[in-house]
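Below: one structure in C-alpha coordinates.
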Amino acid sequence: MEELIQQISGVLKCGVIVQKDEKRKYVPVVFLTTDPTISAKNIKTIVASEIENNLPKYYEPKDIVVLDE
(Lines give C-alpha, C1' and ligand atoms only; values in the text may rest on other atoms or scores of the structure.)
Protein backbone atom coordinates (compact mmCIF):
# COMPACT_ATOMS: atom_id res chain seq x y z
CA MET A 1 0.00 0.00 0.00
CA GLU A 2 2.76 2.44 0.90
CA GLU A 3 4.52 1.79 -2.41
CA LEU A 4 1.32 2.60 -4.33
CA ILE A 5 0.71 5.80 -2.35
CA GLN A 6 4.33 6.98 -2.75
CA GLN A 7 3.84 6.90 -6.54
CA ILE A 8 1.00 9.44 -6.41
CA SER A 9 2.04 12.87 -7.61
CA GLY A 10 2.13 15.32 -4.71
CA VAL A 11 2.72 12.75 -1.95
CA LEU A 12 6.06 13.41 -0.28
CA LYS A 13 6.04 10.72 2.44
CA CYS A 14 3.56 8.17 3.70
CA GLY A 15 3.13 5.55 6.36
CA VAL A 16 0.42 3.06 7.19
CA ILE A 17 -0.55 1.67 10.57
CA VAL A 18 -3.23 -0.89 11.44
CA GLN A 19 -5.92 -0.21 14.03
CA LYS A 20 -8.62 -2.40 15.54
CA ASP A 21 -12.11 -1.59 14.32
CA GLU A 22 -15.59 -2.58 15.49
CA LYS A 23 -16.86 -3.55 12.02
CA ARG A 24 -13.69 -5.10 10.60
CA LYS A 25 -11.06 -6.73 12.77
CA TYR A 26 -8.13 -4.59 11.64
CA VAL A 27 -8.08 -1.63 9.29
CA PRO A 28 -5.29 0.46 7.83
CA VAL A 29 -4.90 4.15 8.58
CA VAL A 30 -2.79 6.18 6.15
CA PHE A 31 -0.61 9.11 7.24
CA LEU A 32 1.03 11.29 4.62
CA THR A 33 2.71 14.59 3.88
CA THR A 34 2.10 16.34 0.61
CA ASP A 35 3.25 19.09 -1.64
CA PRO A 36 1.87 22.23 0.06
CA THR A 37 0.23 23.35 -3.19
CA ILE A 38 -2.24 20.42 -3.04
CA SER A 39 -5.24 20.65 -0.71
CA ALA A 40 -5.73 17.93 1.90
CA LYS A 41 -9.23 17.23 0.56
CA ASN A 42 -7.97 16.68 -2.99
CA ILE A 43 -5.08 14.41 -2.01
CA LYS A 44 -7.37 12.33 0.23
CA THR A 45 -9.74 11.82 -2.71
CA ILE A 46 -6.88 10.87 -5.03
CA VAL A 47 -5.30 8.44 -2.53
CA ALA A 48 -8.65 6.80 -1.73
CA SER A 49 -9.38 6.37 -5.45
CA GLU A 50 -5.97 4.83 -6.17
CA ILE A 51 -6.36 2.36 -3.31
CA GLU A 52 -9.89 1.45 -4.39
CA ASN A 53 -8.85 0.93 -8.02
CA ASN A 54 -5.61 -0.97 -7.39
CA LEU A 55 -5.87 -2.93 -4.13
CA PRO A 56 -8.32 -5.43 -2.58
CA LYS A 57 -11.23 -3.98 -0.59
CA TYR A 58 -9.74 -4.99 2.76
CA TYR A 59 -6.96 -2.45 2.12
CA GLU A 60 -9.51 0.39 2.20
CA PRO A 61 -8.28 2.71 4.95
CA LYS A 62 -10.38 3.76 7.89
CA ASP A 63 -8.88 7.21 7.58
CA ILE A 64 -6.37 9.18 5.55
CA VAL A 65 -4.54 11.77 7.66
CA VAL A 66 -2.61 14.58 6.00
CA LEU A 67 0.16 15.89 8.26
CA ASP A 68 2.08 19.15 8.15
CA GLU A 69 5.71 18.32 7.50
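Can you give me the accessible area per residue for the chain, using a 1.4 Å probe, in Å²?
Roughly 72 Å² per residue, with all protein chains present.
Taking the dipole about the Cα centre of the chain, with the C-beta of Lys and Arg at +1 and of Asp and Glu at -1, give me whichever of 33, 1, 19 is farthest to the positive side.
In the chain, that residue is 19.
Something else now. Ignoring ligands, DNA and RNA, what percent of the accessible area of the chain is carbon or sulfur (1.4 Å)?
Carbon-and-sulfur percentage of accessible area, whole number: 50.
In debye, nearest 20, what is the charge dipole magnitude of the chain about its Cα centre with +1 on Lys and Arg Cβ and -1 on Asp and Glu Cβ, if you could check? The partial results should precede the final answer.
Details: 9 positive and 11 negative charges, 67 e Å.
With only Lys, Arg, Asp and Glu charged at Cβ, the dipole is about 320 debye.
Among all the lysines, which ones have a C-alpha under 16 Å from residue 20's C-alpha, if same-chain residues fewer than 8 places away are not counted?
62
Of the listed values [x] 11.6, 36; [y] 10.7, 30; [z] 12.2, 35, grab the one calculated as Rg and Dmax of the Cα atoms in Å from the structure here.
Only one option fits the structure, namely [x].
The values are calculated or read from the model by the stated rules, or taken from the named source; none is laboratory data. None of the values given here were measured: they were computed from a predicted structure. Glycine gets a Cβ as well: all are built from the backbone with ideal geometry, and neighbour counts include every protein chain shown. What goes into the accessible areas is simple: the full protein's heavy atoms, side chains included, and nothing from ligands, DNA or RNA. Shrake-Rupley method; radii C 1.70, N 1.55, O 1.52, S 1.80 Å.
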